[in-house]
Amino acid sequence: MSLTSPRSGDAAKVTLSSIQEKKQQHQPITCLTAYDYATSRLVDQAGIDMILVGDSLAMVVLGYENTLPITMEEMLHHVRAVRRGVKRALLIADMPYASYHLDEKTAVKNAARFIKDGGAEAVKIEGGEKRVGLVHRLLDAEVPVMGHIGLTPQSVHMMSGYRVQGKTITAIERLMRDAVALDRAGVFSIVLEGIPREVAAMVTEEVGCATIGIGAGPECDGQVLVIHDLINLTDRQPAKFVRQYGDATALIANAVAQFKTDVESKGFPADNESYHLPQEVQATLETIRERKRAMSR
Ligand code: KIV
């Protein structure tokens, strides 16, 4: 096996080491979700560092009420599609609810499927201290792990809804314990979701791994957003932390309405949007048709 380096002109592949370097050099880390080939290609080509096939897929693409129903098979299907679109970014697969909650052996098996069958380079799991044993098992199986604490959507029922976490001293202490425990266990990164900016700043200072915020303020080492929120392609009221950089809803709605108008008014397709017969075939066809008409007279 040879030790290869990127071809000249290729942007360097993002790896666990380059994410760690960015943390150490205080260079902001970018992360977005993506769920299909077309979008992930664009996100990758834009130079985003990490692409997460989040289980938010359940809601924004598949139309489920929350993230809980999505299955391993559904997630894998999308991870494979994203793999085909991504060349440079680090590709992370989100482990769906109940794929890692039951027993560690099943959890490692499921995580390995994302790596082996899906082409992911890491997995993300929700939860803090209680996941330490599992993080060790995953690392033993050569599966890099991203943690996720704070507002963890798979715990929606336990949290009595999607609520900002870490607002009391007790809750802050618990969050700090969770972050430190994951960091010590060896995760390469932790998503901090829906927590006060001040708490995210404390966690970011305390841990050696990169913190990636979503609704956690600007002091995190990096930021992640759900791509459908970023381009306004959801039917839900955006959360406070979402910044919309485009309006895909308007784009699609206008394009579809114009198509409908043009088809119904016979304005589409035009002659230059149609295929034509070669002239000699057209001439022969005319002759045949003329002969048929003459015979039937
Ligand atoms: O599922 C998801 O998209 C996520 C991100 C919001 C971090 O977990």
Any chance you could count how many residues in the range 111-155 are within 18 Å of E74 (Cβ to Cβ) and within 16 Å of the ligand (Cβ to nearest atom)?
-> 10
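Have a look at I288, I231 and point out the one that is of a type in the set (A, V, I, L, M, F, W, C), surrounded by 15 or more Cβ atoms within 10 Å (Cβ to Cβ) and free of Cβ contacts under 8 Å to residues at least 40 places away in the same chain.
On the way: I288 fails: surrounded by 15 or more Cβ atoms within 10 Å (Cβ to Cβ).
Unique residue meeting the criteria: I231.
Yes/no matrix, rows are residues, columns are (1) of a type in the set (A, V, I, L, M); (2) assigned by TED's automatic domain parsing to the domain that holds E121:
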site: V156; (1), (2): yes, yes
site: F188; (1), (2): no, yes
site: V191; (1), (2): yes, yes
site: G194; (1), (2): no, yes
site: A200; (1), (2): yes, yes
site: T204; (1), (2): no, yes
site: T211; (1), (2): no, yes
site: D262; (1), (2): no, no
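Just checking, does the range 79-94 include any residue being more than 11 Å from the ligand (Cβ to nearest atom) and within 22 Å of G150 (Cβ to Cβ)? Walk me through how you get there before you give the answer.
The initial filter retains those residues of the range 79-94 that are more than 11 Å from the ligand (Cβ to nearest atom), namely 79-91.
So of that shortlist, the ones also within 22 Å of G150 (Cβ to Cβ) come out as 90.
Checking the range 79-94: at least one residue is more than 11 Å from the ligand (Cβ to nearest atom) and within 22 Å of G150 (Cβ to Cβ).
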For the range 109-130, name all the residues that are among the basic types (K, R) and outside any strand (DSSP E or B).
-> K109, R113, K116, K130
Listed by first then second residue, the pairs whose first member lies in the range 56-83 and is within 22 Å of I214 (Cβ to Cβ), whose partner is assigned to a loop (DSSP other than H, G, I, E, B) and among the charged types (D, E, K, R), with beta carbons under 6 Å and at least 6 positions apart or on separate chains, are T67/D55; I70/D55
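Have a look at V203, V191, V224 and point out the one that is in a helix (DSSP H, G or I), among the β-branched types (V, I, T) and within 24 Å of V132 (Cα to Cα).
Working: V191 fails: in a helix (DSSP H, G or I); V224 fails: in a helix (DSSP H, G or I).
When all the criteria are applied, what remains is V203.
The values are calculated or read from the model by the stated rules, or taken from the named source; none is laboratory data. Just so you know, these numbers come straight off a predicted model, no measurement behind them. Please note: Cβ atoms are built from the backbone with ideal geometry, for glycine as well, and neighbour counts cover all protein chains shown.
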